[in-house]
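Novice: To start, I am sharing the structure in question, which I have written as structure tokens.
Derivation of every value follows stated rules applied to the coordinates shown; laboratory data play no part. Remember, it's a predicted structure, so these values are computed and weren't measured experimentally. Virtual Cβ from ideal backbone geometry, glycine too; neighbours counted across all protein chains shown.
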Amino acid sequence: MKHLLMTVIVAATLTISGCAQQQEPTEPQNFLTNDGNVNILWQSTNDYSDIEASVGVQSKFEKYLFAELTKELGKLANKHLGADQQLDLTVTNVDLAGDVQPTFGASTDDIRVVTDLYPPKIHFDYVLTQNGKVIKSGNEKLNNMGFLTDIQPIGNDPFPYERDLLTDWFKKTIMPVL
């Protein structure tokens with residue numbers, strides 16, 4: 001009887017702990033942002049390498065990140081694209097420059113430490129159209145291993161390294177075909 005009771009307790013404990021450890025599969029999250037002639041679909045953001053917020057609520061940080069990068073690309077693209085042209089990007093991965101590190105109680109927030117070990121990376125597919133006809137399309141895996149050696153103006157830009165990846169790509173890839 002004692003052995004049976006012990007077996008039931010162990011089995012119940014294992015069953016409960018096994019159920020507690022199982023996580024519900026998360027639905028892929030997609031966000032669509034646009035600025036003039038630029039549309040960006042941020043696809044399956046749960047799978048991105050690193051878009052971790054160091055301060056505040058993660059979902060608000062993500063929306064802010066996506067809106068800021070869209071705005072920065074839109075500033076440049078809308079100067080060069082004609083009214084009948086459209087640039088669509090589907091972003092499949094983002095890895096922000098640096099890495100979020102805990103402060104171990106020194107602060108309530110974590111900090112993002114930016115070093116050469118963690119360069120910015122953005123992966124996406126793109127389509128440039130004019131009057132509905134494809135002018136150029138492709139797949140890009142952008143990164144800048146020397147991002148800290150580039151001259152950066154002092155400013156309040158929240159994502160300067162990622163902005164530079166997108167604007168450099170636009171100047172080298174899209175502008176020549178316009």
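Novice: Take the chain, drop everything but the C-alpha atoms, weight them equally and run the Debye formula without solvent; then report log10 I(q)/I(0) at 0.11, 0.16, 0.17 Å⁻¹ to two decimals.
Specialist: -0.58, -1.01, -1.11
Novice: Can I ask one more? In region 107-136, whose amide N lies under 14 Å from the spot 7 Å out along Cα-to-Cβ of Asp84? List them in ranges.
Specialist: Label zone hits: 129-135.
Novice: A further question follows. Which log10 I(q)/I(0) values does region 62-129 give at q = 0.23 Å⁻¹ under the Debye formula, counting every alpha carbon as one identical point scatterer?
Specialist: Log-scaled intensity ratios, in q order: -1.10.
Novice: Excluding residues fewer than 8 places away in the same chain, name every one of the lysines whose C-alpha is closer than 26 Å to that of Lys172.
Specialist: Those lysines meeting the cut-off are Lys71, Lys75, Lys79, Lys121, Lys133, Lys136, Lys141.
Novice: Can I ask one more? Compute the FRET efficiency between Lys141 and Lys172 as 1/(1 + (r/R0)^6), taking r as their Cβ-Cβ distance and R0 = 25 Å, and round to the nearest 0.05.
Specialist: Values: r = 14 Å, r/R0 = 0.57.
After rounding, the FRET efficiency stands at 0.95.
Novice: Thr103 to Ile151: FRET efficiency via 1/(1 + (r/R0)^6), r the Cβ-Cβ distance, R0 25 Å, to the nearest 0.05?
Specialist: Numbers: r = 30 Å, r/R0 = 1.19.
Using R0 = 25 Å, I get an efficiency of 0.25.
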